[in-house]
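Reading through the structure tokens given below for one structure.
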């Protein structure tokens, strides 16, 4: 995996972790100001965090798609390609004539 790709994935995961903390801080501030009750705050935080996780899933899918495109562009063998080759090699002795 390229360094750039690792950084992109780390950034996405880092943003999610930071976002979770920011959501909690934001909701806590609303409670302190009296704009939200404790039960409302928990519900709001859960909704905002769920939305963030949804976006994280979308980011992950986009990164995976870009990785697939890059691997195809660079003609890199996939796990499936390697499995198929392994199966062909495993069955190859069955197709060879017996040794004298």
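The values are calculated or read from the model by the stated rules, or taken from the named source; none is laboratory data. Here the structure is a predicted model, which is why all the values come from computation and not from measurement. When we count neighbours, we look across all protein chains shown, and the Cβ atoms used for this are built from the backbone with ideal geometry, even at glycine.
Summed over the stretch 12-51, the residues that are closer than 30 Å to residue 72 by Cα and either at pLDDT 80 or above or surrounded by 12 or more Cβ atoms within 10 Å (Cβ to Cβ) (or both) give a count of 4.
This table checks each residue for (1) surrounded by 10 or more Cβ atoms within 10 Å (Cβ to Cβ); (2) modelled with pLDDT of 85 or more; (3) assigned to a loop (DSSP other than H, G, I, E, B).
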{"site": "55", "(1), (2), (3)": "yes, no, no"}
{"site": "62", "(1), (2), (3)": "yes, yes, no"}
{"site": "66", "(1), (2), (3)": "yes, yes, no"}
{"site": "70", "(1), (2), (3)": "yes, yes, no"}
{"site": "75", "(1), (2), (3)": "no, yes, yes"}
{"site": "80", "(1), (2), (3)": "no, yes, no"}
{"site": "83", "(1), (2), (3)": "yes, yes, no"}
{"site": "86", "(1), (2), (3)": "yes, yes, no"}
{"site": "92", "(1), (2), (3)": "no, no, no"}
